[in-house]
Amino acid sequence: MSDPILELENICKVYPGVKALSDVSMKFYPGEVHAIVGENGAGKSTFIKIITGAIQPTKGNIIYNHKMVVNNNPIKSLSLGITAIYQEFNLIPNLSVAENIYYGRYPHKNGFVDYKKMINDSKKVLENLGVNINPKTLVKDLTVGYQQIVEIAKSISMKTKVLIMDEPSAPLTNTELIFLFNIVKKLKREGVSIIYISHRMEEIFELCDKVTVFRDGQFVKTMNVSETNREELITLMVNRKLEDNFPKRNIHPQEVVLEVENLTTDKIQNITFKLHKGEILGFAGLVGAGRTEIANAIVGADPLKCGSIKIEGRNANNKNPSMAIKNGIALIPEDRKKFGALMNLSIKENISYSMLKKIVGEFFLINSKFEKSKTTEYKEALSIKTPSMKQKIVNLSGGNQQKVILARCLFTDCKILIFDEPTRGIDVGAKQEIYYLMDELTKQGKSIIMISSEMNELLGMSDRIIVIHDGKIAGELSKNQASQEKILSLASGI
């Protein structure tokens, strides 16, 4: 085996009252894909930020190419050849692909930016990755998958030796995912050391050579991927066995609570279905098929061209999400950071935001005692992990952010919940908690529409599955009929 390109010795990071990392030591080698896994809050993000110099360790050493890195910072790490690609892309939408790849490093000629050289150099980098993207195209006009490739191209153009990929597959379609895998394998063959962070177990076994488990800020174990399995990894991550990942559901049809007929917008056509009390109705389909648009139409986020919505037999013309809440429907959106959470407000404020009328008392003053009582009640009921309700939601793990948004919906006393990608970006332990919470809500008489791209989730949680293709319903499957093959066939228009 070659010498390590990057070593971390006894890395420790302490915040007031919190030990984020405790004496972590690891080695990374050229031409190796090394996965880091762990629950949200295990210390993965802190670890990679220390590598890139975004934060400083309380103690410990970073050794790059046999030399100690002193006073590390993002500029220094980039100069060494260490780059990172995060879930939230660091691209400028209104600039071209070439301008994004070389942003801050534009070539110059006679005192002016040499656009010709920049475009030609960008074209070479993209061709090396095996993609045909016009360097003059504006980033905002690219699909998410191609934006991901531009991020990789930017890193490669810096002659990267260590590439950190943080949940790179989260926003990608299946086709884009295959393309990403091919690029990772190509970079591996070229000797790039790749640190790969993902909650998706199938990716770890498809792509990675080694896997390291973090738990509660501590290094647990490093293994060759070929010598472990999914069950062992999960047990090491959560320190318990997840034998029953999905609750056992035995639902009998009850009265209809939601009736949607011929729902049509600019993006969906003639959507008709019924939702029963206590039911989890799954919506499957490829990314862009129109699943999210159905949810948006139901809650009034997208205007209807035609169609009707009935809640418990009553017409419910939801002209906006606020009206939908009044009618008893709440949406937990796919992008919780953009559309769900108020990231710079506290947990308490996020929970109570949708129901200010409930907590505002005389003289338009907030009834702080009532607000504290109700938000604490939801915190305990949903097991939201936080030292204080004054904690900003931006500082919570993905699973806890999802619970806060769910608490806000429950505070509205809604009868119908729409979960759009309920566990995206959430670790395996928190996923199980969300699944059991959903099951418990249906036992309390609430009804759930669940939109998901995860096949196991659809098959494990849904009582029925409606498959969407090209803005239309392609078919409906009962729990007994549903299989991965049938869902994919319908979703593909076969």
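Here residue 279 meets the list (1) charged (D, E, K, R); (2) surrounded by fewer than 21 Cβ atoms within 10 Å (Cβ to Cβ); (3) farther than 30 Å from residue 181 by Cβ; (4) in contact (Cβ under 8 Å) with a residue 12 or more places away in the chain almost entirely, failing just condition (2).
Residues in segment 81-138 that are in contact with a Leu (Cβ under 9 Å, 6 or more places away or on another chain) and in a strand (DSSP E or B): 6 in all. Against the definition (under 24 Å from residue 298 (Cβ atoms) and either small (Gly, Ala, Ser) or surrounded by fewer than 23 Cβ atoms within 10 Å (Cβ to Cβ) (or both)), how does residue 415 come out, yes or no? Spelling it out, residue 415 is indeed under 24 Å from residue 298 (Cβ atoms) and either small (Gly, Ala, Ser) or surrounded by fewer than 23 Cβ atoms within 10 Å (Cβ to Cβ) (or both). Could we say that residue 241 is in contact with a helix residue (DSSP H, G or I) (Cβ under 7 Å, 6 or more places away or on another chain), surrounded by fewer than 13 Cβ atoms within 10 Å (Cβ to Cβ) and either of a type outside the set (Val, Ile, Thr) or at pLDDT below 85 (or both) here? So residue 241 passes the test. Within segment 332-390, the set of residues being within 25 Å of residue 452 (Cα to Cα), at pLDDT 75 or above and touching a strand residue (DSSP E or B) at 6+ places or on another chain (Cβ under 8 Å) comprises 332, 333, 334, 343.
Residues checked against (1) within 20 Å of residue 417 (Cβ to Cβ); (2) assigned to a strand (DSSP E or B); (3) of a type in the set (Phe, Trp, Tyr):
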position: 219; (1), (2), (3): no, yes, yes
position: 222; (1), (2), (3): no, yes, no
position: 226; (1), (2), (3): no, no, no
position: 251; (1), (2), (3): yes, no, no
position: 254; (1), (2), (3): yes, no, no
position: 257; (1), (2), (3): yes, yes, no
position: 275; (1), (2), (3): yes, yes, no
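Of the numbered criteria (1) more than 27 Å from residue 434 (Cα to Cα); (2) modelled with pLDDT under 90, the one residue 313 fails is (2). Applying the condition of being of a type in the set (D, E, K, R) and not in a helix (DSSP H, G or I) to segment 388-408 and asking which residue is surrounded by the fewest Cβ atoms within 10 Å (Cβ to Cβ) yields 390.
Would you be able to say whether some residue in segment 85-100 is surrounded by 15 or more Cβ atoms within 10 Å (Cβ to Cβ), among the hydrophobic types (A, V, I, L, M, F, W, C) and touching a strand residue (DSSP E or B) at 6+ places or on another chain (Cβ under 6 Å)? Yes: one or more hits.
Contact map, segment 429-453: first residue assigned by TED's automatic domain parsing to the domain that holds residue 411, second residue assigned to a helix (DSSP H, G or I) and of a type in the set (S, T, N, Q), Cβ cut-off under 8 Å, separation 6 or more or different chains; pairs are 430/400; 430/402; 434/402; 448/442; 451/292.
Scanning segment 302-348 for residues that are under 17 Å from the mean Cα position of the chain (by Cα), farther than 27 Å from residue 445 by Cβ, of a type outside the set (A, V, I, L, M) and assigned to a loop (DSSP other than H, G, I, E, B) yields a single hit, 335.
The values are calculated or read from the model by the stated rules, or taken from the named source; none is laboratory data. Nothing here was measured: the structure is a model prediction, and the numbers come from that model. Ideal geometry is used to build each Cβ from the backbone, glycine not excepted, and the neighbour counts take in all protein chains shown.
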